[in-house]
């Protein structure tokens, strides 16, 4: 009984070790899903040390040592498998062997056997996909119990003389089997709790980071402005629970959310030195309020006591900062510090995307300008020449043509939006065609077949005009025979299909190569209406060229 | 009165220019033509002194037309265009003048002045011409452009000038002389041009005459006068 109590006392030393181990950096080796070699080496060292200590703390009994050596070996096997268990067992066993006594050899073997037994249980659990049970205290208890029983059997089998062995086992068997098993169970439960805490901590962290990511996603795509910054600041404060969050650009505060918002007005200049430092050096600056003091430069009564400043970057160029604050009475959580840096990098990515979107929009705008600028001088001067000739013969018709010309140019110049109704597009095209029809007279005929229900459909501006102009300029005007341009718009298979066909068939090659403004028209439709829409070309040389424009059934909507 | 021809594919442009030219009181517009083929015929028939020529026209441009006019029949040329994308100033030395549409009457008077003094000086207009890369031919009611490389031979008789290819024969308004000057086709007889690439064999006859057999199996006469030149070209 005394021996049992003494062993228990000794075991408590192990629990202290276990506790310390669970708090040490070495413990991180156990937090991953699978163990790498480096982690195994750490575990080997830790558990070997435990095991050897168990021998040293042991109590001399009848020329032998009652001890808690088994805990280290069995647990090493349980956690790290037979190899680790065997290695720890062998190390501690050899050490025991050197200490001598009539059980020296038996104990040396048995410790190795105990480590291997732990390893076998490990293998069994892993093969049955019961990885969680590796850290189960009850399994550790039972395993150690049987490991100690095994040791007793080995002593009986190998120690000489047998009579001494049997009397020794009678004395130590019960206390050692009990204390070692209980010790191993408690040891592993400490490890398990700590490991669970790590896991939970990680889960909370991930959940929080994902939540922030999810909520902020898409906000910054609209650009980096006071209004988007305000939304982001609110979200980050809500999700992290810090005292206050500020977002700045390079010069001024864009948004401030939380405590002390009264004296940190958005729009005000950056006054804090640490923020300037973060912008200047493109690095994270942390004023924990203890070692590095944080003082609000705006108000002496400011409740905020610590601050983390993380730069926001686009292509590694600082465009602003995000600041997390905690009030004076609260510690800045390490968790929030890491999270803050993560959020800043997330927002930086979004800003990069926003810039990309912005440039894409610019591209669409410049493409539109290009289409507008494509109004070709030939058209203008030929139109003027035609009208000046018609004035002699038919002043009324000439006036009508002048009005069409002015309508055409006004539409060309004024149209800055992305979308217009089909009716508006047709009106633009009609003015163009009226002039070309006067110019070519009986060499140009237009056939229209427009479903009137489609007239209010929204389509990208400058979709029809460039294509019809191609048909006239590169088609009809190169023909000696009478030319016909057919213009059709109808619903077909859940899509709106607009067709422009001429009977010349003279510019197949050029248009298929994507010239003559077609590329821009096609790209604009894809950008504004969706990737599955756009233009198609079908032509038969010297017979016809047909451009098919496929649009969404409900028209295009600006997003 | 200066005898003029207007070539422009646009009806109103032709009428307007005709009106303006007639208003000067110095120009007699012989005819107006809507395309290059009509113009070739009209030039041969009417022998105008000056041509008011649009550049952008269907099938054959104003430049193409210039290449198809016989040197002796070549009138003075005034280009008329809506937009100076051809940098017509560069042609100033080669053409007599150029006008931009819509044509200003004051500017037109200067042009007429130029034409009159050129005619008075008796300058024979010469324009730098290039090798023809298409021969306009009539095919049913269409104008067919034939690449000289696919032409086997060209034959001229009372019915007109006919271009023979493996597809058949087509009438053209161009003269044999123009075709000889502006293409690589070789004269082998007073009435024949042949494409040496299409010659299969040459049969030597008595009296220094010969006969060409083409790859399509057609037989063409070779006259004594042109045989020497043919031999030189073929290298024997």
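The values are calculated or read from the model by the stated rules, or taken from the named source; none is laboratory data. Bear in mind that the values here come from a model prediction, so they are computed numbers and not experimental data. Quick reminder, even Gly has a Cβ in these numbers, built from the backbone with ideal geometry, and neighbours come from all protein chains shown.
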Tally of residues being within 13 Å of the chain's Cα centre (by Cα), part of a loop (DSSP other than H, G, I, E, B) and closer than 22 Å to residue B:229 by Cβ across segment B:141-180: 2
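Can you find, within segment B:192-210, the residue that is nearest to the chain's Cα centre (by Cα) among those that are in a strand (DSSP E or B) and over 19 Å from residue B:235 (Cβ atoms)? Break it down into steps so the answer makes sense when it comes.
Here is the first cut: in segment B:192-210, the residues in a strand (DSSP E or B) are B:192-194, B:199-204, B:210.
With the extra rule that they be over 19 Å from residue B:235 (Cβ atoms), the set shrinks to B:192-193.
On the way: B:192: 18, B:193: 17 Å.
Only one residue tops the list, namely B:193.
Can you name every residue in segment B:96-110 that is within 14 Å of chain A (Cβ to nearest Cβ) and over 16 Å from residue B:4 (Cα atoms)? Can you show your working first?
Within segment B:96-110, the subset within 14 Å of chain A (Cβ to nearest Cβ) is B:98-105, B:107-108.
Hits for segment B:96-110 are B:100, B:101, B:102, B:103, B:104, B:105, B:107.
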Some residue of segment B:80-91 being modelled with pLDDT under 90, more than 25 Å from residue A:384 (Cβ to Cβ), away from chain A (no Cβ under 14 Å) and surrounded by fewer than 18 Cβ atoms within 10 Å (Cβ to Cβ): no
Qualifying residue in segment A:450-471 (condition: touching a helix residue (DSSP H, G or I) at 6+ places or on another chain (Cβ under 9 Å), over 30 Å from residue A:362 (Cβ atoms), away from chain B (no Cβ under 14 Å) and not in a helix (DSSP H, G or I)): yes
Failed item in (1) surrounded by fewer than 16 Cβ atoms within 10 Å (Cβ to Cβ); (2) in contact (Cβ under 8 Å) with a residue 24 or more places away in the chain, with residue A:188 passing the rest: (1)
Failed item, numbered, when residue A:544 is tested on (1) touching a helix residue (DSSP H, G or I) at 6+ places or on another chain (Cβ under 7 Å); (2) farther than 21 Å from residue A:421 by Cα; (3) surrounded by 14 or more Cβ atoms within 10 Å (Cβ to Cβ): (1)
Residue list for segment A:56-110, restricted to those being without any contact (Cβ under 8 Å) to a residue 24 or more places away in the chain and in a helix (DSSP H, G or I): A:56, A:93, A:94, A:97, A:98, A:104, A:108
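Among what's in segment B:21-48 and is farther than 17 Å from residue B:66 by Cα and touching a strand residue (DSSP E or B) at 6+ places or on another chain (Cβ under 7 Å), pick the residue that is surrounded by the most Cβ atoms within 10 Å (Cβ to Cβ). Step through it out loud before you land on a result.
Just the residues of segment B:21-48 that are farther than 17 Å from residue B:66 by Cα, to begin with: B:21-31.
From the residues that got through so far, the ones that are touching a strand residue (DSSP E or B) at 6+ places or on another chain (Cβ under 7 Å) too are B:21-22, B:26-31.
On the way: B:21: 23, B:22: 13, B:26: 15, B:27: 25, B:28: 13, B:29: 19, B:30: 16, B:31: 18.
So the residue we want is B:27.
For residue A:500, indicate whether it is buried (at least 20 other Cβ atoms within 10 Å of the Cβ) and more than 14 Å from chain B (Cβ to nearest Cβ).
On the way: buried (at least 20 other Cβ atoms within 10 Å of the Cβ): yes; more than 14 Å from chain B (Cβ to nearest Cβ): yes.
Against the criterion (buried (at least 20 other Cβ atoms within 10 Å of the Cβ) and more than 14 Å from chain B (Cβ to nearest Cβ)), residue A:500 qualifies.
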Residue check for residue A:528: buried (at least 17 other Cβ atoms within 10 Å of the Cβ), within 14 Å of another protein chain (Cβ to nearest Cβ) and modelled with pLDDT under 90: no
Condition check for residue A:70: at pLDDT 85 or above, crowded, with 17+ Cβ neighbours inside 10 Å and at negative phi: yes
Candidates A:509, A:447, A:436 - the one that is without any contact (Cβ under 8 Å) to a residue 60 or more places away in the chain and assigned to a strand (DSSP E or B): A:447
Among (1) within 14 Å of chain B (Cβ to nearest Cβ); (2) modelled with pLDDT of 95 or more; (3) under 30 Å from residue A:554 (Cα atoms) - the single one residue A:437 does not satisfy: (3)
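Among A:353, A:392, which is within 14 Å of chain B (Cβ to nearest Cβ), surrounded by fewer than 18 Cβ atoms within 10 Å (Cβ to Cβ) and in contact with a helix residue (DSSP H, G or I) (Cβ under 9 Å, 6 or more places away or on another chain)? Steps first, please.
Numbers: A:353 fails: within 14 Å of chain B (Cβ to nearest Cβ).
Among A:353, A:392, only A:392 is within 14 Å of chain B (Cβ to nearest Cβ), surrounded by fewer than 18 Cβ atoms within 10 Å (Cβ to Cβ) and in contact with a helix residue (DSSP H, G or I) (Cβ under 9 Å, 6 or more places away or on another chain).
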Matching residues in segment A:520-541 - criterion: being closer than 20 Å to residue A:475 by Cα, touching a helix residue (DSSP H, G or I) at 6+ places or on another chain (Cβ under 7 Å) and outside any loop (DSSP other than H, G, I, E, B): A:520, A:521, A:535, A:537, A:539
Meets criteria (in a strand (DSSP E or B) and within 14 Å of another protein chain (Cβ to nearest Cβ)) for residue B:138: yes
Failed item, numbered, when residue A:282 is tested on (1) surrounded by fewer than 22 Cβ atoms within 10 Å (Cβ to Cβ); (2) over 24 Å from the mean Cα position of the chain (by Cα): (2)
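Test residue A:410 against the stated conditions and say whether it is within 14 Å of chain B (Cβ to nearest Cβ), modelled with pLDDT under 95, surrounded by fewer than 14 Cβ atoms within 10 Å (Cβ to Cβ) and not in a strand (DSSP E or B).
Working: within 14 Å of chain B (Cβ to nearest Cβ): no; modelled with pLDDT under 95: yes; surrounded by fewer than 14 Cβ atoms within 10 Å (Cβ to Cβ): yes; not in a strand (DSSP E or B): yes.
It is false that residue A:410 is within 14 Å of chain B (Cβ to nearest Cβ), modelled with pLDDT under 95, surrounded by fewer than 14 Cβ atoms within 10 Å (Cβ to Cβ) and not in a strand (DSSP E or B).
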